[in-house]
Amino acid sequence: MNEDKLKALLQQDMNLRDAIRQEEAERPQMPADLNARLMQKTHPQPLPAKEGGKVRRLWPWLVAACVAGVLVVLLMPPRETIGEKDIVAKVEKKEEKKQESKPEAPLKVEPKVTPAAPAKRPQQQRKPVAPTTAPKQLIAQEIAPIEAGNKQVTVSDEPTAKSHELTASTKTKMLTERDIPITRPENYKYTPEEIALMKRQANEAYLKWVELELEIAKHSQEQTAQKD
Amino acid sequence: MTETDTNLIEGLRQQSPKAQQQMLDRYGRDVFAQVIRLVSVTENAEEVYQDVFIKVFKHINRYDAEKSSLKTWVSRIAYNEAISFLRKKSAPMVYFEDYGDRAEALSDTEVDETFGHANQETVQLIRAALKYLPPEERAVITMFYYEEMSLKDIAYVTESLPSTVASKLSRTRKKLCRIIKMLQS
């Protein structure tokens, strides 16, 4: 069958042509997004572009965060000054406490204690403020003979002068952070200088207390003398 | 070949997305129709369609303008992909087969009368008979009667000779006529 005859058949076979045309018309149409899906499959969107977009969105925030950090570092006061302030406040409070408890302080520290002995056991001396019953008894024993032999004990001005000198020396000395035992771990052990200072303060307080007692005794003697 | 075709082929060779989109817009519908004619199921046809154009974009350098038009070259790829898909994934189907003498026994006049005289009832019978044809034969007869392709182009698409296509067309006409007779009886 040659091509010319076939061309004639193409014109002749009306029924066949119509049937095929109807069949083709009823076939499902191509989905509208098929080409788009194919293009997406053929040319997947590059990830770096997306990442670039994210970077572009993120970088202003990163810059703002960096600037804020720099400003905080520049504008905030140095940590040392803050620490010193706090510590100074603590020291002042402790000094006040010490001053308030000075009349009772001598109860704890005995004047006979040598400075070399407690250096070996610093932890035991870390709580000098804690009141115990034993020192009170000791001090009571010491006070009793003083009160009894008021006349025998001649209190000269020398101890008071010494005490004034001591107080002056202690007042001039600035308490630093290192002097406060609780603030830093390296201060858990007292240095010999600190122990000496504490003893001096204890002696001074003791002498003040003795002076006060003597004055009280003198006053009572004068009153009894007046009565007689 | 027109200038637009030359530009399109050049763009495809450079893997230009614009040229590829143009290609899809120009030949997409015809290719999909050709594929679904053979594959029938839409999801499978979509898969084959995508494979066809991926192959077209990939092997555009193999296209020879002297051998065929761009459309025929794309049709050939689509036909081969669809037939390969049917052979690999489709369940085997049983189609109507002529047994030599009985098909040949029909006279040319009888066949011409069946297809020639306009009759709506016969059209419906032919439509029903088309379903009994194997996909390859249905594709050939559709290419000839519906797409009005030349024997040379059909031969290029089906990778055969024009004379083979001509004899295949003649045999398919008679086979359809035989199926119609069978359906009528």
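The values are calculated or read from the model by the stated rules, or taken from the named source; none is laboratory data. Being a predicted model, the structure only gives us computed values, none of them experimental. Here the Cβ positions follow ideal geometry from the backbone for every residue, glycine too, while neighbour counts run over all protein chains shown.
Condition check ((1) in contact with a Gly (Cβ under 6 Å, 6 or more places away or on another chain); (2) part of a loop (DSSP other than H, G, I, E, B); (3) within 30 Å of residue B:64 (Cα to Cα)) across all residues:
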| residue | (1), (2), (3) |
| --- | --- |
| B:132 | no, yes, no |
| B:139 | no, no, yes |
| B:156 | no, no, yes |
| B:160 | no, yes, yes |
| B:163 | no, no, yes |
Q) Of the residues in region B:142-161, how many are β-branched (Val, Ile, Thr) and facing another protein chain (nearest Cβ under 7 Å)? A) 1
Q: Have a look at B:52, B:35, B:56 and point out the one that is buried (at least 17 other Cβ atoms within 10 Å of the Cβ), in contact with an Asp or Glu (Cβ under 6 Å, 6 or more places away or on another chain) and not small (Gly, Ala, Ser).
A: B:52
Q. So, in region A:32-45, of the ones that are exposed (fewer than 15 other Cβ atoms within 10 Å of the Cβ) and at the interface with chain B (Cβ under 7 Å from one of its Cβ atoms), which residue ends up modelled with the lowest pLDDT?
A. A:43
Q) Are any residues in region B:160-176 touching an Asp or Glu at 6+ places or on another chain (Cβ under 6 Å) and in contact (Cβ under 8 Å) with a residue 40 or more places away in the chain, and if so, which ones? A) B:175
